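Trainee: Sharing a structure here in C-alpha cells format.
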Amino acid sequence: MVVEKDLERSLAWFTLDAEQALEQASVSLSQGLSSEEVRQRQAKYGLNIIPKKKQKTPLELFLQQFTQPLVVILLVATVITMLLQEWVDATVIFGVVFVNAVIGFIQESKALKAIEALAKAVASEATVIRNGEKQRIPSSELTIGDVVLLQSGDKVPADLRLVQTRELQIDESALTGESVPVVKQVAALDSDTVLADRTNMAYSSTLVTYGTGTGIVVAIGSATEIGKINQMIAEADVLETPLTQSIAKFSKVLLYVILGLAAITFVVGLLRGEKWVDMFMAAVALAVGAIPEGLPAAVTITLAIGVARMAKRNAIIRKLPAVETLGSASVICSDKTGTLTQNQMTVQKVYAGGVLYNVTGVGYDSKGEFLQGERTVSISSNLALQETLTCGLLCNDSNIVTVDGQHKVEGDPTEGALVVSAQKAGLSRKTLLQSLPRIDTIPFESAYQYMATLHQRKDTEQSIAYVKGSLERLLERASGMLSERGEIIVLDKAQVLSQSEAIAAEGLRVLAFAYKTFDRSKTSLSHDDISEGLVFLGLQAMIDPPRPEAIDAVATCQSAGVQVKMITGDHELTALAIAKRLGIAPKDATDDAVVNGKSLSALAEERLPELVKRVSVFARVAPEDKLRLVKALQQNGAVVAMTGDGVNDAPSLRQANIGIAMGITGTDVAKETADMILTDDNFATIEAAVEEGRNVYDNLVKFITWTLPTNFGEGLVILASVVAGLTLPILPVQLLWINMTTAILLGLMLAFEPKEPGIMNRPPREANEPILTTSLVVRIIIVGVLLCAGALFFFELALQSGRTDAEARTIAVNVFVLGELLYLFNCRSLRYSMFKIGLFSNPLIWAGVAGMLLLQLLYTYVPFMNTAFQSAPLTLEDWGISLVPGLVIYIVIGLLKYWRYGRHAK
C-alpha cells in the first residue's frame, strides 16, 4: 500500500491519539510494514540519512587565503618587483604572503565539520517489526510508518510517535536542554505543546535511559528535529569577526591611500620633466615602503600567541580570529545545564515532621550537613527526617560511583540526588538492606506517578512498603503523617501543599515520600495495596545547582560591560531560580522576568530585538528560537558569544559571532560547530578568555600604531624627494629591509605584552569602532612626519658634507630603524609609560632590540650586505646623529600620553 500524502510534513503527530497515528501511517502494530511497502515508501521518502553539505575543496580553501585586501596589495607589489627584476624584494614579499596563507589554510581546514558529525550521530541500528517479525536493521533503512522497538540504552533512530510505553524515560538534554530524562506516555497533546513537552514523541539521536517503548516512524533524515537543526546550521550566517571586519576596512583605506600617493608621485615627477621609467620606479618605491608587509604576519602571530595563552587557561581556539572576538563580546548567551550549573541534581531542602531543613553540599559529593536555621542537626533528632531519607535511599534503583576521581550517577539523576542526601546523613544502603531486604518492586509508571518497594523487617513481624513520587498522588493515598517523635498523627494536607508550593516557587523539583506496613507474610506488592492507608513521611527538594565559580565569572563579565543571558530548555521557575543565584536576574525578579519558548514563537520578528534588550532569561526554548534570539541581539549591534553543549545549540553556535562549546559534556556536533571549546566545561574559563581576547586586540592595535608611522614616513620621504627633485634618500630594497627586519624583531615583540591594569574594568569596544582612533591617527602622523623630516634632513646634510650616496642613505635607514626602536617603548602601552607597566615585564622586547641592533651593525659594516643593500660603513658620530630623531619621537609621544591620560589619573 502506498501512502499518498506526505506524512512527514502534513501532520502534527503529537496531537493524534495512538490509534489515529497508526491509522494515518497505514500500519499494523503487530505486523509492521511489508517488504513491498518498505520499498515503495523508501522510493517516496528516501533514506534516513542527513545529507552532507558540499564543502570547499582544499585548493579552494587555500586560494581563498589570497583574497584579503592587504594580501592583494602585497601580491601586486610582488608582481611589480618581479617585472623590475628585483628578485630579492619579490621573494621576500611573496614569502610573507605564502606563510600567512598556509597558516590560515591549516586553521580553516579544521572547521565546518558540524554536518559530518550530525550524519555520524544517526549512523546506528534499529529494532523494527517488518512482515510480522522482529528485525535488526541499519537505521538509515528506516522509512515512514516503520514500527520501532525501544529499550534502555538505545539511541532513538528517527522521530517516532510513541504508541506503547512501559516506564519509558528518554534523555533529551542534547536536543532540548532538559536536565533530567523525560518520562514518556502515549496520550494525545494540545497543538500548541512546545517541543520539550511533547511527551508522546521520541526524537532522533536522543537516548533511552529507562524502560521500553514502541513507536512509529513519522520523520526521517532531514525532516527529523535533528535534521532541521542540520538545515539551520547550513543556513546560519557565518559572520565576520569584528577584527576581520576592521582589518578589511583598514586594508581598503590603506590600499586607496597607497595607490593615491603612488599616482601623485608619478604625475608630479612627469610634470617636473623626469623620465617616466624613473618616476615609475619612484612610485613603486613609495608603494613598497608604504605597504606594511609585516602586518598579516603580525596579526596571525599575535592571534596564535593568544591561542597558546588561552589553551593554558582551558580554552581551545578552533578559528584564529575568534581569539580577539571574545575580547569585544558585548553579550554572552549561555546554556544553563552543565554550563552555568553542575549538571548534578542536588537535594537542597528536606521537609519532614513539620520541620524544614536546608542541606549543604553540592553535586554527587556526599559531604554536607542538615541545617535547621543556622544550627546543624542530627537526623536522630527527627525520626520523620530519618525515615524520609531511608525511603529515598531504598525506594531507588540508582547508584553513585567514582570514575577518575569524579562522582557520577549510574541511573536516574533524581535518584542519584536522593542517594547522596541519605549518605550526607550517614545512611548506607548496604547496611539498611541487611535489616530491610527488598522483596518486590512497583517500577515508576507515568500513569501512576510513583515508585514503590516492599521490604521485610528482620527485627519485627512486619513488611514495609516505601513509596516515592509526586506529592498529589501520595497525598490522595495518605491518611496520616509521621511526626518528629515517630508517632503517626493527623495529616494536614493544606500545610504540606503550601510548603511544597513555597519550595517549588524557588525553582526546586519536589518529591514526596510515604510508607505503609503490612503483615510479614506479604511478599508481593500491587497498586491496590498502596491505593490508601499511606503514612506521609516528608518532601525532598532538589535542583541542578549553579557552579560557584560561575557566579564570580558572571559578576566579572557584568563589571566588564558584558551582559550575560541564560537561554535554556529547562522550566521557567527553575531557570529563573538559577538566574537569580548567578546574578543574571535581580534577586527580586518576578515571573515576568523570564520568557518561555511558546511566547517567543508567538512574538513577531520585529518585536524581538526590543525584547532581548530587557530580558535575560529564556526558558523552554526550541533550537530555532535560540537562533532567532542570537540574530535579534546582532540586529541590536551586539557582538554575541553563545555557549552550549547540545545538538540543539549548534545552529546558534554557528550564527553567533563566537560559538563556545563544552569539551567534556559537549556533543561532537556542538564542538565541530564552535569557534572555541572549553576543556573544563567551566563558565569561569570564558571570563579568562575574554581577558585574553582584550589583550590580543590591545597588542594588535599597539603593533599597527607602531608600524604605520614607518610606512607613512617612508612614503613621505619618497614623495617629498620627488616633489623637491632630490635624489631618493632610501632605495626600494632598503625600504624592504627596514620593513621586514623591524616588523619581525621589534614589532612582533609587542604580541607578547602582558595584560594592562584594569583591562576588565572597561566596556567592550563597539563592533563598528575603527582599529585606529583619532588620537592614534594623530600620533601616527606626528611620528611619520618626524621620521621623514629626520631622514631627509640628515640625508641632505650628509650629501652636503661630501659623503657618498651610500653613506647618506645608510644614515637615513638608521634614522628610521633607531626611530622605530625608541618609538617601540612608547607603544608598549598606548596609555601608560613603560616605567608604569614595568621595564622588564616583557623580556622579549629587550631580546628583539638586541637582535635588531646586531642586524643593523651587519647591514652597516659587513661587505656582502653593503653590496646587496647598497649600504656603507658609518662613523660613531653618524650613529649619534641617527639617534636624534628617535629621541625626539620618544619624548614627544611620552608627553602626549601624559597630557591625554597621566594628568587625569592624578
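Trainee: Can you give the Kirkwood hydrodynamic radius for the range 510-667, in Å, rounded to one decimal and based on Cα pairs?
Mentor: Over the range 510-667, the inverse of the mean reciprocal pair distance is 18.4 Å.
Trainee: Rank by packing, highest mean first: peptides 570-578, 725-733, 126-134, with packing defined as the count of other Cβ atoms within 10 Å averaged across residues.
Mentor: Output ranking for 570-578, 725-733, 126-134: 570-578, 725-733, 126-134.
Trainee: Follow-up. If you take the Cα Rg of the range 742-783 and divide it by 2.2 N^0.38 Å, with N the number of residues, what do you get?
Mentor: Rg over 2.2 N^0.38 Å, computed on Cα atoms: 1.49.
Trainee: Hey, another quick one. Classify the range 497-569 as rounded, prolate or oblate, taking a ≥ b ≥ c as the square roots of the eigenvalues of its Cα gyration tensor: rounded when a/c is under 1.5, otherwise prolate if a/b is larger than b/c and oblate if not.
Mentor: prolate
Trainee: Between residue 152 and residue 875, what is the label-to-label distance in nm when each label sits 7 Å out along the Cα-to-Cβ direction?
Mentor: Once both label points are built, they end up 9.5 nm from each other.
Trainee: Would you list, by chain and number, the aspartates and glutamates whose Cα falls below 18 Å from the Cα of residue 458, excluding same-chain residues fewer than 8 positions away?
Mentor: Partners found: 387, 440, 519.
Trainee: Turning to a different aspect of this structure: Rounded to the nearest whole Å³, what is the per residue volume of the convex hull around the Cα atoms of the range 805-906?
Mentor: Taking the convex hull of the Cα positions in the range 805-906, it is 98 Å³ per residue.
Trainee: Determine, for each peptide in 492-502, 609-619, 440-450, 740-750, the mean count of other beta carbons within 10 angstrom over its residues, then list the peptides with the highest first.
Mentor: Sorting 492-502, 609-619, 440-450, 740-750 by mean packing, highest first, produces 740-750, 609-619, 440-450, 492-502.
Trainee: So, one more: Treating cross-link reach as a plain straight distance, find the aspartates and glutamates whose alpha-carbon is under 17 Å from the alpha-carbon of residue 702, omitting any fewer than eight places away in the same chain.
Mentor: The reachable aspartates and glutamates, counting only those whose Cα sits under 17 Å from residue 702, are 293, 324, 691, 692, 753, 756, 769, 820.
Trainee: So if R0 is 41 Å, what FRET efficiency would residue 839 and residue 99 give, r being the distance between their Cβ atoms, rounded to the nearest 0.05?
Mentor: 0.80
Trainee: In whole percent, and with a 1.4 Å probe on the protein chains, what portion of the accessible area of the chain is carbon and sulfur?
Mentor: 58 percent
Trainee: Write down the accessible area per residue of the range 660-799 in Å², having rolled a 1.4 Å probe over the full set of protein chains.
Mentor: Here the residues of the range 660-799 average 29 Å² of exposed surface.
Trainee: Additional query: Per-residue counts of other Cβ atoms within 10 Å, averaged by peptide: what ranking do you get for 180-190, 649-659, 540-550, highest first?
Mentor: Highest to lowest by the protection proxy: 649-659, 540-550, 180-190.
Trainee: Can you give the Rg/Rh ratio of the range 435-580, where Rg is from the C-alpha atoms and Rh is the Kirkwood radius?
Mentor: Looking at the range 435-580, the ratio lands at 1.14.
Trainee: Classify the range 315-458: rounded, prolate or oblate, from the alpha-carbon gyration tensor (a ≥ b ≥ c, eigenvalue square roots; a/c under 1.5 rounded; otherwise prolate if a/b is larger than b/c)?
Mentor: It comes out prolate by the Cα gyration axes.
Trainee: Next question. Pulled fully out, how much extra length does the chain show between residue 44 and residue 85, if you take 0.36 nm times their separation in residues and subtract their Cα-Cα distance?
Mentor: Gain on extension, residue 44 to residue 85, equals 8.2 nm.
Trainee: Return a whole-number percent for the relative contact order of the chain, with Cα pairs under 8 Å and 6 or more residues apart as the contact set.
Mentor: 13 percent
Trainee: Now for a separate question. Which distance in nm do the two modelled labels at residue 488 and residue 60 give, with both placed 7 Å along the Cα-to-Cβ direction?
Mentor: Roughly 7.6 nm, to one decimal.
Trainee: Please tell me which of these pairs span more than 29 angstrom C-alpha to C-alpha: 626/755; 155/336; 336/598?
Mentor: From the list (626/755; 155/336; 336/598), the Cα-Cα distance tops 29 Å for 626/755.
Trainee: Kindly state, to the nearest 0.05, the FRET efficiency for residue 135 paired with residue 769, given R0 = 56 Å and r defined as their beta-carbon distance.
Mentor: Calculated transfer efficiency: 0.35.
Trainee: When the helices in the chain are scored as -39500 (n - 2.57) per DSSP H run of 4 or longer and the sum is shared across all residues, what 222 nm value do you end up with, to the nearest 500 deg cm²/dmol?
Mentor: Calculated at 222 nm, the ellipticity per residue is -15000 deg cm²/dmol.
Trainee: Still on this structure, I have one more. Run the quick spin-label model on residue 476 and residue 257: label points 7 Å from Cα toward the beta carbon, then report their separation in nm to one decimal.
Mentor: The two pseudo-label positions are separated by 7.7 nm.
Trainee: Starting from one equal scatterer on each C-alpha and no solvent at all, send me the Debye-based log10 I(q)/I(0) for the range 738-824 at q = 0.13, 0.23 Å⁻¹, two decimals.
Mentor: -0.62, -1.19
Trainee: Compute the normalised compactness of the chain: alpha-carbon radius of gyration over 2.2 N^0.38 Å, N being the residue count.
Mentor: My calculation over the Cα atoms of the chain gives 1.22.
Trainee: Additional query: Just check the range 363-538 against the gyration tensor rule for me: Cα atoms, a ≥ b ≥ c as the square roots of the eigenvalues, rounded for a/c under 1.5, and otherwise prolate or oblate depending on whether a/b exceeds b/c.
Mentor: The shape class here is rounded.
Trainee: Using 0.36 nm per residue, how much length does the chain from residue 587 to residue 785 gain when fully extended, once their Cα-Cα distance is taken away?
Mentor: 65.6 nm
The values are calculated or read from the model by the stated rules, or taken from the named source; none is laboratory data. Because the structure is a prediction, the values reported are computed rather than measured. All Cβ positions, glycine included, derive from the backbone under ideal geometry; neighbour counts span all protein chains shown. Just so you know, the surface numbers come from the protein's heavy atoms only, side chains and all, with ligands and any DNA or RNA stripped out. Shrake-Rupley method; radii C 1.70, N 1.55, O 1.52, S 1.80 Å.
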